[in-house]
Structure formats: structure tokens, C-alpha cells
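Taking it in order: structure first as C-alpha cells, then the write-up.
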Amino acid sequence: MTKPIKLTNRAAYQRFVDRYDTFLLDCDGVIWSSNTVIPGVLQVITYFRKKGKQLLFVTNNSTKSRAGNLKKLRSFGLEASEEEIFSSSYTAAYYLRHIIDFPKEKKVYIIGESGIEDELNMMGIKNTKADADNGPIQNWDFADITPDPEIGAVLCGFDTFINYRKIAKAFLYLRTDPDCLFLLTNDDTTFPAIGTVFPGAGSLSSPLIIALNRKPDRVMGKPNKPMLDCIVDKYRLNVERTCMIGDRLDTDIQFGINGGIATLLVLTGISTEKEILAEGAPILPDYYVDSLSNFAEIIELEN
């Protein structure tokens, strides 16, 4: 593997910016950390816009719609539009409508939260509503868990209301109809919060994978390729002039590698310089930098 290039001075920052037209930005660990904006980053994003760069904010968080994600971005003082946001929930809806032309008469069974439901609705895709089965099964009564010929896909995302009823229904739909699609918004096994980690969307779908002895037909979010395929399809990107900027080797950087685009690792989040300099490191970015805010040096030079 080629050794990654560390960007450390104005000339290197300028060459990097000039080389790419589109930047795909992860958010947590790149723009903010622990719900605090990383100093200097908003200034750099504004500079990228001034230089005519296309910016897309990509996230595996399926619990929010693009509108919900936009609200969060704006809460940090970052101006953006819904069209610049690509979440795993939006990717799933886009994939169903524009990539495979999901039958209009079929429904999607949701294991997940309102972000998935909202995006499916925006695409005109029938669904079972995210909160339809939040209640438990009472007294071992399985009478209402029956095959439903209208269900054409089971879509699993992060769900704080996960329960046996949802798993049982999804299992039955997939087991009784071999044409029913098995889709995941993302397969993150954990996610970081309050200084530790908790089970992620990938962990919540594992009972179905085990019980069915079946892998998902598609996993939408990073590091898997469908998200980038949808982004390229929608925006007609030139992948040779597109770069993924993220803080995690196993999701953000692997996502770029899988999609054949350039990658920049920032050291303000999960992955460390020690990991990429280790002998035999399995995942390497093309470039890395201490912080996205380092690019502010270019702004100072121009001013």
C-alpha cells in the first residue's frame, strides 16, 4: 500500500484544495466533536464554498431525515441545504425509487425511526410507519403476525424501540417471500456517545441475519458502495475529482476506497496517526491532516 501523505503546510493544503471539485464530509469528528464545533472548521467550509467546491454531508445516522440533519447542522452555525445532505435513510429511499424502481404497489416494513419513514414518504414509497409495532407481544399472542403479500422489502436501521414483535414480523416476511428484499441503512456495530459506545444499527439487525441464515441484499451506508453509487447517480459526480473527508478508517476511509475516490483522514475523531503508521495497517487514506481547520492557513495567506 502507498504510504499516506500528511498535509502540513500551506502549499500542501492549496494543492489538495485545487485538485478536487467535490468534498464528501462526515460530520461527527470532522466538523464537531462531543457536540462542540471544532474551532476553525466552519471558516474552512465557508472558504471551500467561496472557491466553488461542491460540498455533501454524508452520515450513517438513519434516525433523522435530511430535514432533521439540516436542523442539526444549522444548530452548529453551519449553513447548508437539504440537497447537500446524504444520510443512510435518504440513501435507502433513493435506492428504492431511482436505482431499482421499487414496485409502487409494494410496501416497505420499517425497523427504525422517523428518519426512515420521512424519507420513504418523500419518495412516494409506501411503508408501515416507523412506530407501528413499538408495542410488545402480549401473552404470547402471535395471531397478528402473519405473511403480508404487500411487503416487498424489510428495511432495518437504528431503532431505540426495537422489540421481538418487529423482529418476528420482519423474519416472517423475509422467510415466506424469497423476493422480499432485506436491506440495512448501515451496519455499524456500535456508535459513540457520552464517552463510551453503544450497540449500533448493525447489531440490531443481527438476530434476523442469524435466524434467516441470510445476509442482507444491500447495506446502504458507509463503508458500503450503494451510498456512493446513489450520490454519483444523483449529482453526476466526477469521481476522479471527488474526495471523502472523515475521521474513521473503517467507515469513512474504507467508503472512499470502495468507491474509488480519494480520501482524507482528519485526526480530530476516532482514528489516530498511530493506526495509519502501524506496520501492515489494513486501511490507509490517501492523505491525512491534524484537523480540517488546518486549511484556514490558506485563508490567512489570501487575506
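The values are calculated or read from the model by the stated rules, or taken from the named source; none is laboratory data. Because the structure is a prediction, the values reported are computed rather than measured. A quick note on method: Cβ atoms are made from the backbone with ideal geometry, for glycine too, and the neighbour counts reach across all protein chains shown.
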Q: Return the only residue of Lys215, Lys222 being closer than 30 Å to Asn35 by Cβ, basic (Lys, Arg), within 23 Å of the chain's Cα centre (by Cα) and assigned to a loop (DSSP other than H, G, I, E, B).
A: Lys222
Q) Out of curiosity, is Thr196 loosely packed, with under 15 Cβ neighbours inside 10 Å, in the same structural domain as Ala168 (by TED's automatic domain parsing) and within 16 Å of the chain's Cα centre (by Cα)? A) no
(Q) From the list Leu183, Leu174, exactly one residue is within 30 Å of Gly260 (Cα to Cα) and either more than 23 Å from the chain's Cα centre (by Cα) or buried (at least 16 other Cβ atoms within 10 Å of the Cβ) (or both). Which is it? (A) Leu183
Q: Can you give me the number of residues within the stretch 217-237 that are under 25 Å from Val41 (Cα atoms) and surrounded by fewer than 23 Cβ atoms within 10 Å (Cβ to Cβ)?
A: 3
Q: Sort through Lys64, Lys104 and tell me the only one that's part of a loop (DSSP other than H, G, I, E, B) and under 25 Å from Asn163 (Cα atoms).
A: Lys64
Q. Which condition number does Ile210 fail, the rest of (1) within 17 Å of the chain's Cα centre (by Cα); (2) part of a helix (DSSP H, G or I) being met?
A. (1)
Q. Just one of Phe86, Phe76 is surrounded by 20 or more Cβ atoms within 10 Å (Cβ to Cβ) and not assigned by TED's automatic domain parsing to the domain that holds Leu237; which is it?
A. Phe86
Q: Could you run through the stretch 271-303 and say how many residues are in a loop (DSSP other than H, G, I, E, B), surrounded by 18 or more Cβ atoms within 10 Å (Cβ to Cβ) and of a type in the set (A, V, I, L, M)?
A: 2
Q. Given the structure, is Pro207 over 30 Å from Phe48 (Cα atoms) and surrounded by fewer than 23 Cβ atoms within 10 Å (Cβ to Cβ)?
A. yes
**Q.** Residue count for the stretch 1-51, restricted to those that are among the charged types (D, E, K, R), at pLDDT below 95 and within 25 Å of the chain's Cα centre (by Cα)
**A.** 1
Q: Any residue in the stretch 108-130 that's charged (D, E, K, R): show its pairings with residues that are surrounded by 18 or more Cβ atoms within 10 Å (Cβ to Cβ) and assigned to a helix (DSSP H, G or I) at Cβ separation under 6 Å, as long as the two are six or more apart or on different chains.
A: Glu119/Ser89; Glu119/Tyr90; Glu119/Ala93; Lys129/Glu117
Q. Taking the condition out of contact with any Asp or Glu (no Cβ under 6 Å at 6 or more places or on another chain), over 23 Å from Glu83 (Cα atoms) and at pLDDT below 95, does Thr196 pass?
A. yes
Q. Has the stretch 223-241 got at least one residue that is more than 20 Å from Tyr90 (Cα to Cα) and among the aliphatic types (A, V, I, L, M)?
A. yes
